[in-house]
Amino acid sequence: MIYHSTRDKNNTYTSKEAILKGLCEDGGLFVSDDILNSKIDMEAVIKLSYNEIVFEVFKTLLPDYSDAELKDCIEHAYKGKFETDDIAPLTPIGENYLCELYHGPTCAFKDVALCMLPQLMAKANNGKKVMILTATSGDTGKAALAGFKDAENIGITVFYPHEKVSHTQYLQMATSEGGNVFVAAVRGNFDDCQTGVKQIFNEYTDKYEKEYGVFLSSANSINVGRLVPQIIYYIDSYKKLLEAGRISFGDEIDFCVPTGNFGDVLAGYYAKLLGLPVRKLIVASNENKVLFDFFESGVYDRNRDFILTSSPSMDILISSNLERLIYHIAGDDSDKTKELMESLTGKGVYEISDEMKDKLSEFYGAYSTEDETFDKIASLYDSCGYIIDTHTAVAANAYDSYVAETGDQKKNVIASTASPYKFLRAVLKSIDAKYDKMDDFELIDELNKLSGVDIPNAIEEIRTAPVRHTKVCEVSEMKQTVAQFLGM
Ligand SMILES: *Cc1c(COP(=O)(O)O)cnc(C)c1O
């Protein structure tokens, strides 16, 4: 399995190099053409345990890691870090199944990948010093800070949009411990943070490596080491439906995924390419419905207002990982991908050909308004006493519109990407307006009473942890901030 840029097929990289670099120098993302003909023996693999499935998938997609290295990564990634024995429990709710992806150390689905990435990176850096730069809309930040905390030879800097993350997310990041972790709030939105980080990579990667011996890398969802661990829970969900007798092997199922940067749902697509019987991938958006419009029209147009919603991890107008899908549907054509991405950077818009559009048949775009999202939280609570967070609610509602439009009766799994404890205020307000008068810590106890679900450690901790990170910078100061953190 050879990797190269989505914008240039000529320079090739091993999976270790791809994971260490994160992003390609030309601004493209690492892809492999081999994924299209790398089937794994699904019927055999779905009989294995979660960690054994990780091993089989990694062996296929990251072949330059030795078996011993992979086993060591897997051994250390999850053990003792999740609050449930199961990494991704599958819970039946009404006619649906929710894959609860938020039982990791920071209550975010990103933990699943970010517990693994530092392991994979530590096997790839050959003792070199690495500084991870990460832009976050909220959840990635804490999950990355926790994943990389005190990692040997690896430092981490997280940029998040100032005052545009939930109070819980803010406290989670601002109270982070670890001698190697740095956090800064940026006066701008998530796209500003992401663009700023990409610029630092483009301008400074070589300079820092030459002058300071520090290798810049990324923990964002564009990293192959983030993408690959996410494939597993699609296979694991299928396995659980099979074990529960809800499907027979070979039956196709649907997944509905609350989407921002398109990493999670792309992992579902890769699971399908590897041989998992998946029919539809329903891409759920909030009111920032740039992806919905793209799947409707074939036009990706980021020229629109950025809307702040109650599902901030999906408030994104540039879904970076979509570039990988564009590359594949262009027939693995890096020139075409480069042309489209340059149009996105220059004009903020691109349009795919009809031929490319025809290759999107397994995707379905749907979206939810804020009111629909709140109503979904309330109606689900009323009907079964189960409380979901705002991101999951966007997906649950989007799935309803998909069924209303298509009449699809296939078994469906909704990716439940955050604990309701992380988006307390919006969640409880949806159920009863009276909660809006209470402070955040009171709300934690109210949610506990209402849902009967234990307060996760990650939430309990921030009630008392001291704030350690107070840096706020302008978008134009992000570079100096990194230099300062590096002690230059
Ligand atoms: C990151 C995130 C998403 C979006 O995932 P992508 O891989 O960026 O599409 C959805 N929900 C939550 C809670 C998240 O943290």
*Residues of segment 134-175 satisfying the condition of being surrounded by 24 or more Cβ atoms within 10 Å (Cβ to Cβ), away from the ligand (no atom under 16 Å from the Cβ) and in a loop (DSSP other than H, G, I, E, B)*: none
*Residue list for segment 178-194, filter: part of a helix (DSSP H, G or I) and modelled with pLDDT of 90 or more*: Asp192, Cys193
*Out of (1) in contact (Cβ under 8 Å) with a residue 40 or more places away in the chain; (2) part of a strand (DSSP E or B); (3) surrounded by fewer than 24 Cβ atoms within 10 Å (Cβ to Cβ), the odd one out for Pro92 is which?*
(1)
*Are any residues in segment 79-97 at pLDDT 95 or above and of a type in the set (Phe, Trp, Tyr), and if so, which ones?*
Tyr97
_Taking the criterion of being touching a Gly at 6+ places or on another chain (Cβ under 8 Å), at pLDDT 95 or above, over 30 Å from Cys384 (Cβ atoms) and among the hydroxyl-bearing types (Ser, Thr, Tyr), would at least one residue in segment 2-15 satisfy it?_
yes
*Could you count how many residues in segment 317-349 are in a helix (DSSP H, G or I), acidic (Asp, Glu) and touching a helix residue (DSSP H, G or I) at 6+ places or on another chain (Cβ under 8 Å)?*
1
*asked:* Filter segment 378-395 down to the residues that are in contact with a helix residue (DSSP H, G or I) (Cβ under 9 Å, 6 or more places away or on another chain), part of a helix (DSSP H, G or I) and closer than 21 Å to Lys449 by Cβ and list them by number.
replied: Ala378, Leu380, Tyr381, Asp382, Thr390, Thr392, Ala393
*asked:* Tally up the residues in segment 239-258 that are among the aliphatic types (A, V, I, L, M), open to solvent by 20 Å² or more (accessible area, probe 1.4 Å) and assigned to a helix (DSSP H, G or I), please.
replied: 1
*asked:* Being more than 24 Å from the chain's Cα centre (by Cα) and either modelled with pLDDT of 95 or more or open to solvent by less than 10 Å² (accessible area, probe 1.4 Å) (or both) is true for just one of Asp432, Asp436, Asp440. Which residue is that?
replied: Asp432
*Hey, any hits in segment 259-279 for a residue that's outside any helix (DSSP H, G or I), closer than 27 Å to Met1 by Cβ, in contact (Cβ under 8 Å) with a residue 12 or more places away in the chain and touching a strand residue (DSSP E or B) at 6+ places or on another chain (Cβ under 6 Å)?*
yes
*For residues that are closer than 19 Å to Phe295 by Cβ, touching a residue at least 40 places away in the same chain (Cβ under 8 Å), polar (S, T, N, Q) and surrounded by fewer than 21 Cβ atoms within 10 Å (Cβ to Cβ), tally how many sit in segment 321-352.*
0
*Out of segment 265-294, which residues are open to solvent by 10 Å² or more (accessible area, probe 1.4 Å) and within 13 Å of the ligand (Cβ to nearest atom)?*
Tyr269, Tyr270
*Just for segment 305-316: of the residues that are assigned to a loop (DSSP other than H, G, I, E, B) and touching a Gly at 6+ places or on another chain (Cβ under 9 Å), which one is modelled with the highest pLDDT?*
Ser311
*Just a yes or no: is a residue in segment 213-229 closer than 17 Å to Ile87 by Cα and either more than 14 Å from the ligand (Cβ to nearest atom) or open to solvent by 20 Å² or more (accessible area, probe 1.4 Å) (or both)?*
no
*Any idea which residue in segment 16-32 is farthest from Phe215 (Cα to Cα), counting only those that are modelled with pLDDT of 95 or more and outside any loop (DSSP other than H, G, I, E, B)?*
Val31
*Quick one: count up the residues across segment 129-171 that are in contact (Cβ under 8 Å) with a residue 40 or more places away in the chain and over 21 Å from Ile316 (Cα atoms).*
10
*asked:* Show the residue pairs meeting these rules: Cβ distance below 7 Å; 6+ apart or different chains; first residue within segment 456-479 and in a helix (DSSP H, G or I); second residue acidic (Asp, Glu).
replied: Asn457/Glu83; Val475/Asp192
*Would you check if Ser383 is hydroxyl-bearing (Ser, Thr, Tyr), more than 16 Å from the ligand (Cβ to nearest atom), within 19 Å of Ile282 (Cβ to Cβ) and surrounded by fewer than 24 Cβ atoms within 10 Å (Cβ to Cβ)?*
no
*Take the residues of segment 98-116 that are open to solvent by less than 10 Å² (accessible area, probe 1.4 Å), in a loop (DSSP other than H, G, I, E, B) and within 11 Å of the ligand (Cβ to nearest atom): which is modelled with the highest pLDDT?*
Leu101
*Which residues, counting only those in segment 230-257, are within 16 Å of the ligand (Cβ to nearest atom) and touching an Asp or Glu at 6+ places or on another chain (Cβ under 8 Å)?*
Gln230, Val257
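Taking segment 398-439 as the region of interest, how many residues are without any contact (Cβ under 8 Å) to a residue 60 or more places away in the chain and part of a helix (DSSP H, G or I)?
Residues flagged as without any contact (Cβ under 8 Å) to a residue 60 or more places away in the chain and part of a helix (DSSP H, G or I) within segment 398-439 amount to 17.
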*Looking at this structure, is Asp375 part of a helix (DSSP H, G or I) and over 23 Å from the mean Cα position of the chain (by Cα)?*
yes
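The values are calculated or read from the model by the stated rules, or taken from the named source; none is laboratory data. This one's a predicted model, so the numbers in the text were calculated from it and none came from an experiment. Positions of Cβ are backbone-derived with ideal geometry, glycine not excepted, and every protein chain shown enters the neighbour counts. The area values use the complete protein model at the heavy-atom level, side chains included, leaving out ligands, DNA and RNA. Shrake-Rupley method; radii C 1.70, N 1.55, O 1.52, S 1.80 Å.
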